[in-house]
1. Counting each DSSP H run of 4 or more residues in the chain as -39500 (n - 2.57), what helix-only mean residue ellipticity at 222 nm follows after dividing by all residues, to the nearest 500 deg cm²/dmol?
2. Can you pull the one-decimal nm distance between simple spin-label points at ARG11 and ARG104, each 7 Å off the Cα toward Cβ?
3. So I have [x] 37, 34, 28; [y] 37, 29, 27; [z] 41, 29, 29, and one of them is Cα extents along the principal axes in Å calculated from this model. Which one is it?
4. By per-residue mean of other Cβ atoms within 10 Å, what is the highest-first order of 59-71, 93-105?
5. Nearest 20 debye, what's the magnitude of the dipole of the stretch 2-107 about its Cα centre given +1 on Lys and Arg Cβ and -1 on Asp and Glu Cβ?
6. Enumerate the helices in the chain for which the Kyte-Doolittle hydropathy averages 0.0 or more and the C-alpha atoms extend at least 15 Å along the helix's axis, using complete DSSP H runs.
7. Normalised by the number of residues in the stretch 2-107, what is the relative contact order in percent for Cα pairs under 8 Å and 6+ residues apart?
8. How do 26-33, 7-14 rank on mean C-beta neighbours within 10 Å, highest first?
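Throughout, read-outs are computed from the coordinates displayed, never taken from laboratory work. As the structure is a computational prediction, the values presented were derived from the model and not from experiment. Positions of Cβ are generated from backbone atoms using ideal geometry, with glycine treated the same way; all protein chains shown enter the neighbour counts.
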Amino acid sequence: MSHHLALAAWRGGHGNGHLFNELMRTAYVAWFLQRDGYGSEPVGQFKTGEYAVEAALERAQASNEWMLAEDAVPAFEKRLVLHDAQVAVAPLHKVIDAESRLRRFLAGTSRSPIPERSD
């Protein structure tokens, strides 16, 4: 799947804007599917990955270096494993609905669909 290739490229220091979008798209769809009962990962796990990509984007804008911090990789690996498990068991209409929610989020003005950590 393309999200696994995106993470592998980031790990190797070969990130770019398209791969940034692919990782965040997968993380957000995983979040929406979890909200529908397909997963039970802590919110903080999702926010850690989101913050890491935001930091990488800021670095890229400042220096044109697209690198994901090494300590952020495990958070994304977990999100990708979760997403793979979700699409293996969730009915297709739930996956389509999660993709629709992602499009609505992207068309809106919210900074993130994931709430801030409460811890």
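1. Numbers: 5 runs with 83 residues, N = 119.
Result for the chain, helices only: -23500 deg cm²/dmol.
2. With each label placed 7 Å out from Cα toward Cβ, I get 3.5 nm.
3. [z]
4. Values: 59-71: 13.0, 93-105: 14.7.
Listed from highest to lowest mean packing, they are 93-105, 59-71.
5. Details: 11 positive and 13 negative charges, 64 e Å.
My answer is approximately 300 debye.
6. Answer set is 17-35, 73-89.
7. Working: 101 pairs, mean separation 38.2, N = 106.
The value is 36 percent.
8. Numbers: 26-33: 23.6, 7-14: 15.5.
Top to bottom by mean Cβ count within 10 Å: 26-33, 7-14.
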